[in-house]
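One structure is given here, and the rest of the page talks about it.
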Amino acid sequence: MFFKQLFDPTSSTYTYLIADDETHEAVLIDPVIEQLERDLKLVREHGLTLKYVLETHVHADHITASLALKQATGAQTAVSNDCNAQGYDRMLEDGNVILFGREEILVIATPGHTSGSVSYLWRDRVLTGDTLLIGGCGRTDFQNGSAEALWSSITEKLFRLDDQVLVYPGHDYKGRRVSSIGEEKQFNARLAGKSRDEFITIMNNLNLPMPSRIHEAVPANLAGGAGLAKSDGARMQVASDAAAPLRSVSAQQLAALTASGKLHILDVRTPGEFASLRIAGALNVPFERLDPAALLAQFGSDTQLYCVCQTGTRSQLAADRLRAVGFTNVVHVDGGTNAWTSADLPIVRGERSVISLERQVRIAAGLLSMLGIIAGALIHPAGYGVSALIGAGLVYAGVTNSCGMSMVLARLPWNQASA
Ligand SMILES: N[C@@H](CCC(=O)N[C@@H](CS)C(=O)NCC(=O)O)C(=O)O
Ligand SMILES: [Fe+2]
């Protein structure tokens, strides 16, 4: 039986390498980018063919080596579908089976620590990620975590496994390596002898500081993790260049990340939109006046910048322009302030209320094409040309994901902040 438990001392993360003795096909679970060379060396030395790199969840405390391992070995990467992550080859569901050689791993959805947390059952052992830790469990205060869901996952799924099943966790901060379902039922400080309500009260009052690397780890892991960069001699480095796909986070993820206090939110909507509604602490840098070079001089290239607009279109364009001048940590917020308000996250509302730029564009385009047709029919056929031009402009805007009309409207007085 080939089973190795590996440890990253900086993040106290356990990585697991499991292989089929006969075919030498292998899977690596929860690899850490800083340990890439260690893991590649093991795979090489044991003559293994890495078939899958599996994640127990989108980690908040370290960056996964999934993408780098895929690039180096051709392995397929996989994460739960409920993580809403991108850049992985296989999206896992409860009950899926991972096959390698003659071996199989069962995927058990165990949400709670995060909404996409899973455990992996292999032979006589279960790799629980941060769902069940030795003597404890993963926290539930970020990435759509839920104490209620964690209670169900542990008591209704993991604790229904045989008492003899070994528990291999995703972390241990005190040097413990392995436990069993029976031991955890009996001794786990957060669960043994506790009711569901007591567990939820404990979990909702932990008041732990955010993981120190959450602001870089979550966006990177949501995008498949770090890849290989051009090698620096024999050393592998973490890639972070403008060619990599733009990283994005959901509004809820941004809300959790703001607690770290290490990031800047750049709101690229017009001053008028910003004045009527904004995320606390956001800086208004209107897209039509965006000066990436000046921002680079102001912030420095490795500052964490989160671009937000109303729906997520202008913020992507802004993020691309910022990356083009050398910013290495730019993230865009999916769905923008619309997603933020739909998720009922705290918002600062001003007294001024301006119709959103998207609605202004729709009204202006509709009005101009209507007037063009009326003018064409009643005054001069040239009026039809105005309607045709507006139509062509809308097609161009849709195809290129840019909008000249919004640029013009953004400069009008009502879209500027009142003094
Ligand atoms: N001090 C660590 C924080 C570690 C942390 O919050 N770990 C998460 C797992 S990603 C957890 O659930 N910890 C459980 C606990 O500390 O009780 C860091 O800065 O990275
Ligand atoms: Fe975690």
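The values are calculated or read from the model by the stated rules, or taken from the named source; none is laboratory data. Keep in mind the model is a prediction, meaning the values are calculated, not measured. Note: ideal-geometry Cβ built from the backbone for every residue, glycine included; neighbour counts use all protein chains shown. Protein only, heavy atoms only, side chains kept; ligands, DNA and RNA dropped before computing areas. Shrake-Rupley method; radii C 1.70, N 1.55, O 1.52, S 1.80 Å.
Within the stretch 7-48, the residues that satisfy the criterion of being open to solvent by less than 60 Å² (accessible area, probe 1.4 Å), of a type outside the set (S, T, N, Q), in contact with a strand residue (DSSP E or B) (Cβ under 9 Å, 6 or more places away or on another chain) and part of a loop (DSSP other than H, G, I, E, B) are Asp20, Asp30, Pro31, Leu48. Only residues that are at pLDDT 95 or above and either within 16 Å of ligand 1 (Cβ to nearest atom) or over 19 Å from the mean Cα position of the chain (by Cα) (or both) were counted in the stretch 77-94, giving 3.
Listed residues Ser276, Ser301, Ser342; which is in contact with a Ser or Thr (Cβ under 7 Å, 6 or more places away or on another chain) and open to solvent by 30 Å² or more (accessible area, probe 1.4 Å)? The match here is Ser301. In the stretch 65-73, the condition of being among the β-branched types (Val, Ile, Thr) and at pLDDT 95 or above is met by no residue. The C-beta contact set for the stretch 12-31 (first residue modelled with pLDDT of 95 or more, second residue assigned to a loop (DSSP other than H, G, I, E, B) and of a type in the set (Ser, Thr, Tyr), distance under 6 angstrom, 6+ apart or interchain) comprises Ser12/Tyr173; Asp30/Thr56. Residues of the stretch 286-301 being out of contact with any helix residue (DSSP H, G or I) (no Cβ under 7 Å at 6 or more places or on another chain), closer than 17 Å to Asp320 by Cβ and not in a helix (DSSP H, G or I), which ones? Correct list: Asp291, Ser301. Of the residues making up the stretch 201-231, those that are in contact (Cβ under 8 Å) with a residue 12 or more places away in the chain, open to solvent by 50 Å² or more (accessible area, probe 1.4 Å) and among the small types (Gly, Ala, Ser) number 1. Annotation note: Cβ proximity below 6 Å between a residue of the stretch 39-59 that is without any contact (Cβ under 8 Å) to a residue 40 or more places away in the chain and a residue that is within 16 Å of ligand 2 (Cβ to nearest atom) (sequence gap 6+ or interchain) occurs for Asp39/Pro31; Val53/Ser66.
Run Glu358 past the list (1) in a helix (DSSP H, G or I); (2) modelled with pLDDT of 90 or more and report the number of the one that doesn't hold. Failed condition: (2).
If a residue must be within 16 Å of ligand 1 (Cβ to nearest atom) and of a type in the set (D, E, K, R), how many such residues does the stretch 18-50 contain?
Of the residues in that region, 2 qualify.
Among residues of the stretch 390-406 being open to solvent by 40 Å² or more (accessible area, probe 1.4 Å) and not in a helix (DSSP H, G or I), the one that is modelled with the highest pLDDT is Ser402. Ala318 meets each of the listed conditions (1) under 21 Å from the mean Cα position of the chain (by Cα); (2) assigned to a helix (DSSP H, G or I); (3) of a type in the set (A, V, I, L, M, F, W, C); (4) at pLDDT below 90 apart from (4).
Being outside any strand (DSSP E or B) and either more than 24 Å from Tyr173 (Cβ to Cβ) or open to solvent by less than 10 Å² (accessible area, probe 1.4 Å) (or both) is the filter here, so list the residues in the stretch 78-97 that pass it. Show your work before the answer.
At the first step, the residues of the stretch 78-97 found to be outside any strand (DSSP E or B) are 81-89, 93-96.
Matches in the stretch 78-97: Asn81, Asp82, Asn84, Ala85, Gln86, Gly87, Tyr88, Asp89, Glu93, Asp94, Gly95, Asn96.
Scanning the stretch 165-181 for residues that are in contact with a helix residue (DSSP H, G or I) (Cβ under 9 Å, 6 or more places away or on another chain) and more than 20 Å from Ile18 (Cα to Cα) yields a total of 1.
Any idea how many residues of the stretch 51-68 are in contact with a helix residue (DSSP H, G or I) (Cβ under 7 Å, 6 or more places away or on another chain) and away from ligand 1 (no atom under 15 Å from the Cβ)? Number satisfying all stated conditions: 3.
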